[in-house]
Structure formats: C-alpha cells, structure tokens
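To start, the structure itself, in structure tokens.
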Amino acid sequence: MNEIVLFIVIWLPWVVLIVLIDYFKTSIKVLAVLIHFYKNKVRKPKNKRFLLPFISIVIPAHNEEKGIQRCLNTLIKQKYPQESYEIIIVDDGSRDKTATRVTRWKALHNKKMTVHLETYVVNQGKAHALTLGIEKAKGKYIICLDADVVLAKDALLNSVLYFENNPEIDAATGNIEIAWNHDHELIASIKTKAIPRFLAIGQFFEYTNAYALGRYFQSLNNSIFTLSGAFSMMRKEVFEQVTYPNDTLAEDMDITWQLHMLGKKIGYIHNALVYVDPIISLDELYSQRVRWRQGQLQVSGKYCKEIVKKCPIRGRRLLSFRLFTDHTAGFARLLWIPMILLFIQVDLYSFVTVVYAVLLMYVSYILLEGLRVIGMYAISQSSTKVVIREYFWMLITVPFYRFIAYFFRLSGYLRVYIDGKSAWERTGPIIRFVERGHILKKAMAFGIPLVIISTFAFEHFVIGKY
Amino acid sequence: MSQTLIPTLVFIYCSLVVVLYLRIQRFFFTVFLLVSIFSLIIGVVLLRTFGMYELMQTIESTHTAFWASILGIPSSIWQNHLLIIETVTKEKIILDIGLECSSIFEMTIFSIIVGFCPLWKIEIKVAYIALGLLYIYIINILRILIIVGAVAHFGGEVLFIMHTVVARLFFFCMVMALYYAMLTRDTILFTRKKVRAH
C-alpha cells in the first residue's frame, strides 16, 4: 500500500507533465485540424473557372537510377493535362545510369510532354541543381520534387487548384506519406522482416503525424517549419526573392525561413499525396536524422537574429519553440532515464515501483500515439486508412521507434559540436560496429567481463547491496 | 576506505577503457552517453558515500526555514531535514525535505551534461556549472517556499497538489529555461558562427 502511495505521489508529476505538455499540445492540434477539415468539407470552396496554367516540375537527381523512372512514370499518369506541364531533370553529377535512364524515358515520352535534361558533370549539391532547374523553368508555378518519390494521380491537379483558389498563398508543401502499397517489391520484403517492418511502420506513423496533423496545424497559423524537400510548390515570382542556399544541409528549411522573413504565406496541400520509400536500416535512418538535425541547427543559427527581427512572433515560434522541444528537452531528458534506474540504487524507491513507473510512462506514450492516430485517421484518404487499420496493433512499438529516433537526433546535435565538416551522408553506428568487428570481438572478450566483474565489485563494496 | 576505493578505481578504470576505445573509434554520441551515465553512477554513489545527501538536505531546509521566517511564516528545523511550519490556524505541519527535494539529482545531471558537452572550453564549463548549480539551488528553495507559503495559508490539504503539480511544474519550467539559456542558445550562436565562416 505504502509503495502504491509513494508511486502515485512521486510519479504523478511525470504523468501530469506528459498530460499537460504532450497531451495538451496534441489535443489542441487534433481538435484544430479536425474542426478546420470538417468545416472546409462542409463548405467546399467552389473552384473558379480558369484554364489550367502551365507549370514546371524540377527534379534534382544524384545517383537516382533506381527511383527516377518510377517517379517519371507517376508524373505521366497525372490527371493534369500533359501539354500543361514540363519536367526539368537536373542530373547532378551522377556516377550511375541516371542520365541514361532519363534519356531513354525522354525518348519514349517526349512527344507528349516537354522533358528537359540538364547535366552537371561534377556533383554540385542539391541546392545548385534546384537553382539551375528553376532558372530554366517557364511555368506559372514551380514544383520541386525529389527523384525517388511517387505521386498520387491527382497530386498535381490538387496542388494547382489549391494555389488558384488561394491567391494569398506563395508557397506550399504536399502531404508526404510513407509508401506502403506503391512499391510492392520493397514493401513485400519489409513485411516479413521484423526490424525493417518496425522501422517502416514507425516512419509511417511519424510522417503521417508530421504532415496530416503537424503541417496542417502549422499552416493554420502560418508557421510551417519546413517545406518538404520531397514536394514543395511555389509561385514563379517568389524565386526572384529567395534562393536555395548551398551553405546548409537543410536547403528546404532554409528557403522556408527565407519566405517567412519576407512575410510570405506558406500553405499545406492536404490532398496532394506524395509517397516516399521508408528507410529500412538503422544506419540509413541514422544518416538521415543526423543530416536533418545538423541542417536544423545550421538554419537556426544562420537566421536566428534576422528572423526574430523581421517577424518577432512567428520568428520566435519557429526558432525557440521547436528547438526547445527537440534540443533543450532532448538533452535534459537524456540522463533522467538512467537516473530513474539509479533510484533503486540509492534506496529511494523499490525495483517494483520503478518498473511500474517506467511501464506507466510507456503506456502513456502509446495512448498519446493513439490520440494522434485518431486525428490522422479522421482526415486521411482511404488508402492511408487501410494501412492504419492493418497496423494499428504496431502502435505499441512506435514509442520505442521514437526513442531510437531521439537518440539519433541527439547524436546529430552532438556532431555539430565535434565535426568540422557537414556531410550529406553519414556512416551509421551499426555498420561501423560491423566493420570494426574483429577489434570489437577482442575488446568485448576482455572488456565486458572486466566491466561486469568491476560493476559487481563496485556494487558489493561501495554500495553494499549484493 | 580501501574497501571502497579499490573497486571504485577498478570501475572507473574499466569505464575509461571502454570510453576511450569508443572515442578512438569516433562513436561520439555513445561516448557522451556512456561517460555521462558512468559519471552519474560514480557521482551518485560518491555523493552518498561522502554524506552529501544529508548535507544538501540540511542546507536546503535551513535556508528555506530562514527565508520562510523572513516572509512571516513561523518555521523551524528538526533533525536537520524536517521543516516545521505553522499555518494561519496555528496548526503545525512537518515537511520532510527528502533526497528528491534537495535537488541534488538535478544538480548532478546538469553538471554532467555541461561538463561533458563538447560545446564549450573548460573555463566556460566551470563558470556555467557554478552558475547553474547556484541557480538550481535558488529555484529549489523557491519551489519549497511556494509549497510552504501555500500550506501556511491554506492548510495541509493543498500539500499534495502544491508539491506534486504546481511547485514541480515551476521547478521543471525554470530548469528547462536554464538548459535553453545555456545549452540551446549557445548552440545556435555556435552554429551561426560556423555557417557564417563557411
């Protein structure tokens, strides 16, 4: 009984804090999005009568032989009239057969639509490739697209309708979702393997939450943090005022912040669905997350003074709020996790109490994910709903996935302090352990027994518990 | 002493070997995490061995009693860590300034994170740790004073809500503000310099 009272008194604050911060934030987000979504559904805006404008699609490609053809094939199947858009592919010094694939595809389809292939012999970086493509673009709107994505059939049409019906919008991001039924080969291989499936489903819920709820909510108060690099759309004239930079790893976030500083309105196109492949190895996920976090810090550092000066409220929200939750709280939480276990060591709480507390925390996070899923499900398209229903049970693993992503995130922040250079790709921790296997085996043979023995000796003599 | 010293040294030695090996292999985050956890274990145990827990409890309760008296709340100390306060209805309430209330864990964690974070030079780290410890100590006294003030005015019934929610939330927000001001703000300025140099 005493244990239970202690448990409630001590651990209630944790639960209360989660309720107050995470649950409160999520509830507000879900409610706001649902209200806006259903209000707009009831009062569907009448599409004005207009001729569909000519638009340009810019695709930077570096070593994209695997995905480029698939991406182009989905572009040709769009509901948008083929004579009304051009595709500009910028081969950014690829060492594989990207250019050959594009040339072959172009030869097959060039009669129907305009396809340009620009080439850099040496890799210049995504920002340069995008800038070149934008310079060549003739359309009223420019869509910047990653070479490995798949577009829903109505993505282009819905995007143009969104811009034509909302003349105040200068730029917008699409609804990015993890592909589940769109690449059968990859998905089929994932479905039978535990770790890839765990990672893919974790990303599925993460992305759906980040776009269907996150970007949607941010668009309501014009505070979109990042226009997705996978699919973003802007009015052509906007590019006279902003450029893709080459001094940060997050060119998409950089351009978004430039737009905010100019007071531009940034939107979110919920019905422009774009699918990206899940990352199915821990090393690749690590590389991606480290790059994102380094980019986030670079952009925050680059514009920290200017953004607060030019748009004080929005700037503070973009700069401080996000970094507070990601960086500040991230580091503050880091040692509280092992500290909880040390509570047993210092006789503050019993083992059972601590185990209950940790379990309660985990359950709280599962319920939080559940709350998010309710919001996502209500506004998602039928294909997304099918995946949510099928893998709803895997929601119990999502907090664990987020825990891994959290460690990768902190690792990314730490690398900013240590590394002089910023690399697009990073070697992940697993592959590095495997590569150094022979040394590790020796180290483990001596090191691990030594650490275990010394820990027990330390416990026995210093703490006197065993 | 030798009974505790030798195993402690062996533990530190083994931890160092593992950490150094990983450092050479450039596993930066793993190193940071392990160093922090090993330091936390060693710190928690050593602080306990040298009686720092009791000392912190005594200091915090004495200072809280002092400030509470200045604020007009009659209070005294019993057995070094029990704070006796008198409510407006002349009822006596005893508050135990326990290990958690002493903020020693928050101080240890803060010192380790600042100490091992590779963002600053050693002299800045020392200055930040000193400032941070003083700050945590002050806000912890404020936290206890919030509880003491509420209990003195509204009676023992508000103790649970004040201790568990209000005062803790206050402390949590203030500690996070410290982390933001030192760690995040400096990180932003550091990356600004780096990007500008590029």
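The values are calculated or read from the model by the stated rules, or taken from the named source; none is laboratory data. Worth saying up front: this structure is predicted, and the values here are computed from it rather than measured. Counting neighbours? That spans all protein chains shown, and the Cβs are built from the backbone with ideal geometry, glycine included.
Table for the structure above
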| quantity | calculated |
| --- | --- |
| Residue satisfying condition, being surrounded by 14 or more Cβ atoms within 10 Å (Cβ to Cβ) and closer than 30 Å to residue B:189 by Cβ, within set B:146, B:104, B:112, B:141 | B:112 |
| Those residues of region A:326-350 which are facing chain B (nearest Cβ under 10 Å), over 16 Å from residue B:113 (Cβ atoms) and of a type in the set (S, T, N, Q), in sequence order | A:345 |
| Identity of the residue in region B:81-93, out of contact with any His (no Cβ under 8 Å at 6 or more places or on another chain) and surrounded by 14 or more Cβ atoms within 10 Å (Cβ to Cβ), that ends up farthest from residue B:56 (Cα to Cα) | B:86 |
| Helices (runs of 4 or more DSSP H) contained entirely in region A:60-176, each with at least 1 residues that are closer than 30 Å to residue A:213 by Cβ, of a type in the set (Val, Ile, Thr) and touching a strand residue (DSSP E or B) at 6+ places or on another chain (Cβ under 8 Å) | A:68-76, A:155-165 |
| Residue B:34 being surrounded by 18 or more Cβ atoms within 10 Å (Cβ to Cβ), part of a helix (DSSP H, G or I) and more than 9 Å from every other protein chain (Cβ to nearest Cβ) | no |
| So residue A:217, is it in a helix (DSSP H, G or I) and within 23 Å of residue A:170 (Cβ to Cβ) | yes |
| Residue in region A:230-251 that is under 18 Å from the mean Cα position of the chain (by Cα), at pLDDT 90 or above and in a helix (DSSP H, G or I) present | yes |
| Identity of the residue in region A:296-322, in contact (Cβ under 8 Å) with a residue 40 or more places away in the chain and surrounded by fewer than 15 Cβ atoms within 10 Å (Cβ to Cβ), that ends up nearest to the other protein chains (Cβ to nearest Cβ) | A:306 |
| Residue in region B:60-82 that is at the interface with another protein chain (Cβ under 10 Å from one of its Cβ atoms), of a type in the set (A, V, I, L, M, F, W, C) and not in a loop (DSSP other than H, G, I, E, B) present | no |
| Yes/no for residue B:159 being of a type in the set (A, V, I, L, M) and farther than 26 Å from residue B:183 by Cβ | yes |
| Breaking point among (1) in contact with a helix residue (DSSP H, G or I) (Cβ under 6 Å, 6 or more places away or on another chain); (2) modelled with pLDDT under 85; (3) closer than 24 Å to residue A:301 by Cα, for residue B:197 | (1) |
| Qualifying residue in region A:228-245 (condition: among the β-branched types (Val, Ile, Thr) and surrounded by 21 or more Cβ atoms within 10 Å (Cβ to Cβ)) | no |
| Residues (among the small types (Gly, Ala, Ser) and either loosely packed, with under 14 Cβ neighbours inside 10 Å or over 9 Å from residue B:97 (Cβ atoms) (or both)) located in region B:55-77 | B:65, B:68, B:69, B:72, B:75, B:76 |
| Within region B:87-108, considering residues that are of a type in the set (Val, Ile, Thr) and part of a helix (DSSP H, G or I), the one nearest to the other protein chains (Cβ to nearest Cβ) | B:108 |
| Filter result for the condition that a residue is crowded, with 22+ Cβ neighbours inside 10 Å, in contact (Cβ under 8 Å) with a residue 12 or more places away in the chain and in contact with a helix residue (DSSP H, G or I) (Cβ under 6 Å, 6 or more places away or on another chain), over A:151, A:117, A:130 | A:151 |
| Number of positions in region B:32-53 that are under 14 Å from the mean Cα position of the chain (by Cα) and of a type outside the set (Ser, Thr, Tyr) | 5 |
| Flag for residue B:191 being within 13 Å of another protein chain (Cβ to nearest Cβ) and under 30 Å from residue B:30 (Cα atoms) | yes |
| Members of region A:249-295 found to be among the hydroxyl-bearing types (Ser, Thr, Tyr) and within 13 Å of chain B (Cβ to nearest Cβ), listed by number | A:286 |
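Quick grid of which residues meet (1) within 12 Å of chain A (Cβ to nearest Cβ); (2) touching a residue at least 12 places away in the same chain (Cβ under 8 Å); (3) in a helix (DSSP H, G or I):
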position	(1), (2), (3)
B:110	yes, yes, yes
B:120	yes, yes, no
B:123	no, no, yes
B:139	no, yes, yes
B:157	no, no, yes
B:166	yes, yes, yes
B:173	yes, no, yes
